[in-house]
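Just below is one structure, and these are the notes that go with it.
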Amino acid sequence: MITDPSKPTIVVLGSINMDLVTTTEHRPQPGETVLGTGFTMVPGGKGANQAIAAQRAGGRVEFLGAVGDDVFAGELRGVLRDSGVAIGRLRTVTGPSGIAAIVVDSSGENSIIVVGGANATMTALTDDDLAVIASADILLCQLEIPVGAVAAAVTHASANATVVMLNPSPAQHLPSDLWAHVDVAVVNSGEAKDLGHDLDPVAHLVVTHGAAGAHYRGPGGRELSQPSPQVDVVDTTGAGDTFTGALATAWHRGPEQALAWASTAGALATTRLGASTSIPTHEQITAAIEHGD
Ligand code: RIB
């Protein structure tokens, strides 16, 4: 249950990666070598991005995940901590942290390969993890960590009246009984196509269509269409994560307001390079809405 509607408590269970980002005119075809125009390293990972987005948008967020003991671990921990996300249960495991090799072209579109590293060790949850999930307003998960841990978290949240929000990305088929415990699913149009009727049992379904906006389908056949603010796109990496994290913070305001809030946050995230570096604050989202962006 929502304890303080203005600042919902959100537990994000998911991945954290160092994004190795190259920029180029066009993304290479199979067998093609292209010259790049830039390279940077930016903390990312769908779990971390959504945690930071939810925190910056006004939530009180705790992150459950794992980093390695390598050169990236300190910066990955730091970006969560500096954003205000609680990291008391963030694990450090032996071996490499997760990484994502990302190519961004001149239109801002990307291609991404994720190598799980420490994220792959998130196979089980502790009693403390489960207690945090049970006392939160919202559990938010993705699928860049092993599905068994996601399933355990979702089932436990559902049994304890914690709202379950799932961004099933990268898309994969889950045990059919799991979907019945998902209150809100957030997918992009490609994932919606891949998952098809798997999504039917979900009470609230949000499908994002990039610059074309988002669509909502809810109980009683309720439907909503939310246009996206038009912005100059630099890089779409992390925009869906920003949308999802912001949606979680505003979910208690109802689907209509939550979608409007999330769409503005997601659009703002496309105007800068990188994932965690492009996530807007509560003030920036508010200003853009008031400005009519
Ligand atoms: O959704 C964007 C994210 O996908 C990147 O930050 C990358 O780490 C991958 O997880």
For Asp69, project a label point 7 Å along Cα to C-beta. Then give me every residue of segment 80-110 with its amide nitrogen under 11 Å of that point. 92-96
With a sphere of radius 12 Å drawn around the Cβ of Trp179, what net charge do the other residues whose Cβ falls strictly inside it have (Lys, Arg +1; Asp, Glu -1)? -4
Rg/Rg_ref, segment 182-273, where Rg_ref = 2.2 N^0.38 Å and atoms are Cα: 1.03
Report the calculated FRET efficiency for Gln284 and Ser111 (r = Cβ-Cβ distance, R0 = 30 Å), to the nearest 0.05. 0.60
If the chain between Leu35 and Glu256 were fully stretched, how many nm would it gain, using 0.36 nm times the residue separation less the Cα-Cα distance? 75.2 nm
Calculated log₁₀ intensity ratio I(q)/I(0) where the Debye formula runs over C-alpha points of segment 38-158, q = 0.10, 0.17, 0.18 Å⁻¹: -0.31, -0.90, -1.00
Please list Met18, Met41 from largest to smallest accessible area, probe radius 1.4 Å, with all protein chains kept in place. Met41, Met18
Cα coordinate range in segment 113-212, projected on the principal axes (Å, largest first): 41, 32, 26
With every protein chain kept in the model, how would you rank Ile113, Ile289 by accessible area, 1.4 Å probe, largest at the top? Ile113, Ile289
Evaluate the charge dipole of the chain about its Cα centre and quote only its size in Debye, nearest 20, assuming +1 on the Cβ of each Lys and Arg and -1 on the Cβ of each Asp and Glu. 340 debye
If you build the convex hull over the alpha carbons only and average its shadow over all orientations, what do you get for segment 38-96? Give it in nm² to one decimal. 4.4 nm²
Hey, can you rank 21-27, 208-214 by average C-beta count inside 10 Å, highest first? 208-214, 21-27
Could you tell me the accessible area of Ser111 in Å² (1.4 Å probe, neighbours in place), rounded to the nearest ten? 50 Å²
In Å², what does the accessible area per residue of the chain work out to with a 1.4 Å probe? 41 Å²
So how compact is the chain: Cα radius of gyration and Dmax in angstrom? 17.7, 54
As a test of the definition: which semi-axes, in Å, follow for segment 15-72 when you take the square root of five times each eigenvalue of its alpha carbon gyration tensor? Largest first, please. 30, 14, 10
Given Cα pairs under 8 Å that are at least 6 residues apart, what percent is the relative contact order of segment 1-132? 29 percent
About the Cα centre of segment 1-159, what is the dipole size in debye to 20, counting +1 per Lys and Arg Cβ and -1 per Asp and Glu Cβ, all else neutral? 280 debye
Which whole-number percentage describes the relative contact order of the chain, with Cα contacts under 8 Å and a sequence gap of 6 or more? 19 percent
To the nearest 10 square angstrom, how much accessible area does Ser135 have with a 1.4 angstrom probe? 90 Å²
Would you calculate a helix-derived [θ] at 222 nm for the chain, using -39,500 (n - 2.57) for each DSSP H run of n ≥ 4 and dividing by the full residue count, to the nearest 500? -9000 deg cm²/dmol
Within the chain, what percent of beta bridges assigned by DSSP are antiparallel, to the nearest 5? 40 percent
Heavy-atom accessible area of Glu191 with all protein chains present, probe 1.4 Å, nearest 10 Å²? 20 Å²
Can you put Ile52, Ile99 in order of accessible area, largest first, using a 1.4 Å probe? Ile99, Ile52
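The values are calculated or read from the model by the stated rules, or taken from the named source; none is laboratory data. Source: prediction; values computed, not measured. Please note: Cβ atoms are built from the backbone with ideal geometry, for glycine as well, and neighbour counts cover all protein chains shown. The protein model used for the area step is the full one, side chains on, heavy atoms only, and it has no ligands, DNA or RNA in it. Shrake-Rupley method; radii C 1.70, N 1.55, O 1.52, S 1.80 Å.
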